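Okay, so here's the structure we're looking at.
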Amino acid sequence: MTKPLTITEASCADDYDPNSMPVAKARAFIHTFLSPVKGIARLPLRSSLGRVLAEDIISPVNVPAHINSAMDGWALRFEDLAANASATFTEVGTSFAGQPFVGAVGKGQCVRIFTGGVVPEGCDAVVMQEKAQATGKSITFSAGVKHGQNVRYAGEDLKAGAVALAKGRLVRPAELGLLASLGIGEIGVYRPLRVVFFSTGDELVSIGSPLGEGQIYDSNRYTLHGMLTRMGCEVIDMGVVRDDPALLESAFHEASEIGDVVITSGGVSVGEADYVKQLLTKLGEVVFWKIAMKPGRPLAYGKIGKAHFFGLPGNPVSVMVTFYQFVRDALLTLQGVNPVPAQPLLKAICTSAIKKAPGRTEFQRGVLYLEDGFYKVRTTGEQGSGILKSMSDANCFIMLHDHVGNIDAGATVEVQVLEGVI
Ligand code: AMP
Ligand code: MG
């Protein structure tokens, strides 16, 4: 087995340029250091909603469990029908869902059957009631019945012994239902990811206290709290830490001791990065990038002890954008999700003209809407990285790639739909 690459070794690779790191490359770099959390819990079905399967689920039963009817009608033996003519049969009993017909079905006989009812032995077609004429127990079927029609065979959907759900599957309502249909009441899921975060900055005040000169309220704690909670993480908020090396050092240390992941906002931009960099060199292995993106240029990633570390920029919009572009996928992988679903991306007609210089990927906040059968998108207006209202008004990012320049109104653009997390 080859020794895994360390973060600093990887960051020294030939084509690594910390001052111009493309979004996709940074994402791929981070991905090489991620693997699911250790620790599995066995949970009752309902409690496992939103968790990730830590084991393959093998079906203990056939689905459907027995041969049954997909329609209300009559079950019969196909061989008793005439080739190209209608035929009249005698009804000899009824098969309800949960109350099968017991007895034999002889030549020229049929059984009244309801959806989900067991198809009696020997029968191999069900004719729906709309295609039959009943006179008392005498039932006439038109020509054209096909062998096996409206019959659901045992194990047709899932065979006993087959993998019903693979390890790595997020448990959503559909999975709950499927597991219940198999009679499984308890499953092994990964333990929740523990994420510790704090905000850095002397200017930050927590809500509840009045603002002094030059101070602002700490909003990143709230957006991070929201995004992490939406992702099903166990969230530990360490509050605001002043720009003081000793305080930061102990905060980083404490956070890395308790968290699988440590996320900070602020303190990684030019000027502030230097002493945070020194600090983190002492505590762990961290790389600092200037990502070729807007907003969200500065980003740090690495390990502090066993914890993964994401140093997000301080600007409130940048925090959300970098979380969405880098942290989301990483957390999903750490939670055990496999494969990580691609971000929903679609093409839309951009009704706003957008000024953009080539060289960076831009994530403009947009409003996606349907008009005349087409997806259209407009920007939310001012795009400053401190304008949280642009995030609040948005339901998508208009994703403008590195090579793209100005966008004319009417051009087709790629749009990342903000589902769930934001
Ligand atoms: P920094 O990356 O620390 O230089 O911060 C960049 C900008 O984001 C500055 O204007 C900070 O005041 C602002 N900022 C940093 N942290 C927060 C926060 N937690 N809440 C709101 N704004 C912040
Ligand atoms: Mg700061």
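The values are calculated or read from the model by the stated rules, or taken from the named source; none is laboratory data. Please read these numbers as outputs of a predicted model, since none were measured by experiment. Neighbour counts are summed over all protein chains in view; Cβ atoms, including those assigned to glycine, are modelled from backbone coordinates with ideal geometry. Heavy atoms of the whole protein, side chains included, go into the accessibility calculation; ligands, DNA and RNA do not. Shrake-Rupley method; radii C 1.70, N 1.55, O 1.52, S 1.80 Å.
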task = Considering each residue of the stretch 46-62, count those that are over 17 Å from Met231 (Cβ atoms), open to solvent by 30 Å² or more (accessible area, probe 1.4 Å) and among the aliphatic types (A, V, I, L, M), and give that number.
result = 2
task = Determine, yes or no, whether Ser206 is within 15 Å of ligand 1 (Cβ to nearest atom), open to solvent by 10 Å² or more (accessible area, probe 1.4 Å) and within 27 Å of Phe29 (Cβ to Cβ).
result = no
query = Restricting attention to the stretch 171-192, does a residue exist that is within 14 Å of ligand 1 (Cβ to nearest atom) and either assigned to a helix (DSSP H, G or I) or modelled with pLDDT of 95 or more (or both)?
reply = no
Single unsatisfied condition, Tyr375 versus (1) among the aromatic types (Phe, Trp, Tyr); (2) open to solvent by less than 50 Å² (accessible area, probe 1.4 Å); (3) part of a strand (DSSP E or B) = (2)
message = Looking at the stretch 39-52, can you tell me whether even one residue there is closer than 29 Å to Val118 by Cβ and part of a helix (DSSP H, G or I)?
response = yes
ask   = Within the set of pairs 6+ apart or on separate chains, which have a first residue in the stretch 32-45 that is open to solvent by 70 Å² or more (accessible area, probe 1.4 Å), a second that is among the small types (Gly, Ala, Ser) and part of a strand (DSSP E or B), and C-beta atoms under 6 Å apart?
value = Ile40/Gly188; Arg42/Gly188
inquiry  = Tell me the residue from Leu248, Leu280, Leu224 that is closer than 30 Å to Gly359 by Cα, assigned to a helix (DSSP H, G or I) and in contact (Cβ under 8 Å) with a residue 40 or more places away in the chain, please.
reply    = Leu224
query = Out of curiosity, is Gly239 in a loop (DSSP other than H, G, I, E, B), open to solvent by less than 70 Å² (accessible area, probe 1.4 Å), within 12 Å of ligand 1 (Cβ to nearest atom) and not charged (D, E, K, R)?
reply = no
Matching residues, the stretch 381-401, being open to solvent by less than 50 Å² (accessible area, probe 1.4 Å) and more than 16 Å from Pro316 (Cα to Cα) = Gly381, Cys396, Ile398, Met399, Leu400
query = For Ala300, all conditions in the list (1) closer than 16 Å to Val262 by Cα; (2) open to solvent by 30 Å² or more (accessible area, probe 1.4 Å); (3) within 16 Å of ligand 2 (Cβ to nearest atom) hold save one; what is the number of the exception?
reply = (2)
Strands (runs of 3 or more DSSP E) enclosed by the stretch 63-138 - at least 3 residues per element that are farther than 15 Å from Val151 by Cβ and in contact with a Gly (Cβ under 8 Å, 6 or more places away or on another chain) = 87-95
query = Name the residues in the stretch 104-122 that are over 11 Å from Phe89 (Cβ atoms), open to solvent by 50 Å² or more (accessible area, probe 1.4 Å) and in contact with a strand residue (DSSP E or B) (Cβ under 7 Å, 6 or more places away or on another chain), would you?
reply = Phe114, Thr115
query = Which pairs have Cβ atoms under 6 Å, sit 6 or more apart or on different chains, and link a residue in the stretch 97-117 that is touching a residue at least 12 places away in the same chain (Cβ under 8 Å) and more than 18 Å from Ser138 (Cα to Cα) to one that is surrounded by fewer than 19 Cβ atoms within 10 Å (Cβ to Cβ) and of a type in the set (A, V, I, L, M, F, W, C)?
reply = Ala97/Phe114; Gly116/Ala97; Gly117/Phe96; Gly117/Ala97
